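Undergrad: Structure below; questions to follow.
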Amino acid sequence: MASGSQRLDRFLSRTLGINRREVKPLLAQGRILVDNRSVSAADHLIDEFSHITFDARVLQAKLPIYLMLHKPVGFLSATTDPQHTTVIDLLHRADKNDLHIVGRLDRGSSGLLLLTNDGRWSRALMAPEHDVPKVYLVTLQNPLTPDYEKAFAEGMYFDYEDITTRPVRLEILEERLARVTLVEGRYHQIKRMFGRFRNPVLALHRTAIGNLQLDPALAPGQSRELTAAELKGLQG
Ligand code: URA
């Protein structure tokens, strides 16, 4: 069974407070609709976004939400925090507390941040084996040299986690500006990689995740829903 899915009879028995034997006739009589279609199979699989009704009664109606936010510097990528303002504080929608963050950015970083209430989607997008590239513009304190490209492409050993980073693409755009493309996201990875060169990161801005670019029409702090085409592009 796909994670997050469950059998329809199990859901009905729990929601209606009846046993599975009592669920059977309701299904047979066509009184249960899943996504507006009558379903009679007890083992039909549903998930948290299946729309389910029993006669005229709505038993489950939860819509998936997929947002892109232009994260400004200074906001924490967390849902709550006792000390700092979080990216959730930037949203003005009643359902904002149902959302979680897909791939955090450090408080001092800016750019494309995704939020959703769909755990399966976010897990799939961030799974390391899916190799979804994340693209960053990085402003450095000191000039870059071709040594950086080589060192990033070879990967760096991180003592603390006992791992070698997967190859990272670094393109020198200006003397102190690089475009960095990662497929994983280790803790403070970019800052730590430049740290090896004793070159402090002055600004870090995420411009893309997979095929999805940060919408240039979004000012820092603004957000919008992903379009169907953007969602499809990310799944591909
Ligand atoms: N690497 C970092 O160091 N910080 C981020 O926010 C993202 C990647």
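The values are calculated or read from the model by the stated rules, or taken from the named source; none is laboratory data. Everything numeric in this text was worked out from a predicted model, so none of it was measured. Cβ: placed from backbone, ideal geometry, glycine included. Neighbour counts: every protein chain shown. SASA here: full protein model, heavy atoms, side chains in, ligands and nucleic acids out. Shrake-Rupley method; radii C 1.70, N 1.55, O 1.52, S 1.80 Å.
Undergrad: From the residues in segment 28-73 that are surrounded by 12 or more Cβ atoms within 10 Å (Cβ to Cβ) and of a type in the set (Val, Ile, Thr), which one is farthest from the ligand (Cβ to nearest atom)?
TA: 32
Undergrad: A further question follows. Hey, could you check segment 171-213 for residues that are without any contact (Cβ under 8 Å) to a residue 40 or more places away in the chain and polar (S, T, N, Q) and say which is nearest to residue 234 (Cα to Cα)?
TA: Step by step, filter segment 171-213, then rank; the result is 211.
Undergrad: Tally up the residues in segment 195-236 that are assigned to a strand (DSSP E or B) and charged (D, E, K, R), please. Walk me through how you get there before you give the answer.
TA: Here is the first cut: in segment 195-236, the ones assigned to a strand (DSSP E or B) are 201-209, 212-213, 223-225.
From what is left, the residues that are charged (D, E, K, R) are 206, 224-225.
Looking only at that region, the number is 3.
Undergrad: Could you please let me know if residue 186 is outside any strand (DSSP E or B) and basic (Lys, Arg)? I'd like the intermediate steps shown before the answer.
TA: On the way: outside any strand (DSSP E or B): yes; basic (Lys, Arg): yes.
Yes.
Undergrad: Please verify whether residue 210 is closer than 17 Å to residue 156 by Cβ and small (Gly, Ala, Ser), treating the condition exactly as stated.
TA: On the way: closer than 17 Å to residue 156 by Cβ: no; small (Gly, Ala, Ser): yes.
Judged against the criteria, residue 210 is not a match.
Undergrad: Consider residue 142 against the criteria (1) touching a residue at least 12 places away in the same chain (Cβ under 8 Å); (2) touching a helix residue (DSSP H, G or I) at 6+ places or on another chain (Cβ under 7 Å): it satisfies all of them except one. Which criterion is unmet?
TA: Unmet condition: (2).
Undergrad: Picking from 76, 137, 99, 113, which residue would you name as being more than 29 Å from residue 5 (Cβ to Cβ), surrounded by 19 or more Cβ atoms within 10 Å (Cβ to Cβ) and in contact (Cβ under 8 Å) with a residue 24 or more places away in the chain? It would help to see each step written out before you state the result.
TA: On the way: 137 fails: surrounded by 19 or more Cβ atoms within 10 Å (Cβ to Cβ); 99 fails: more than 29 Å from residue 5 (Cβ to Cβ); 113 fails: more than 29 Å from residue 5 (Cβ to Cβ).
Exactly one of 76, 137, 99, 113 is more than 29 Å from residue 5 (Cβ to Cβ), surrounded by 19 or more Cβ atoms within 10 Å (Cβ to Cβ) and in contact (Cβ under 8 Å) with a residue 24 or more places away in the chain, namely 76.
Undergrad: Another one. Before we move on, is residue 93 open to solvent by 60 Å² or more (accessible area, probe 1.4 Å), touching a residue at least 24 places away in the same chain (Cβ under 8 Å) and in the same structural domain as residue 223 (by TED's automatic domain parsing)?
TA: It is false that residue 93 is open to solvent by 60 Å² or more (accessible area, probe 1.4 Å), touching a residue at least 24 places away in the same chain (Cβ under 8 Å) and in the same structural domain as residue 223 (by TED's automatic domain parsing).
Undergrad: What number of residues within segment 191-231 satisfy the criterion of being within 16 Å of the ligand (Cβ to nearest atom), over 19 Å from the mean Cα position of the chain (by Cα) and open to solvent by less than 80 Å² (accessible area, probe 1.4 Å)?
TA: Residues that pass the stated criteria total 10.
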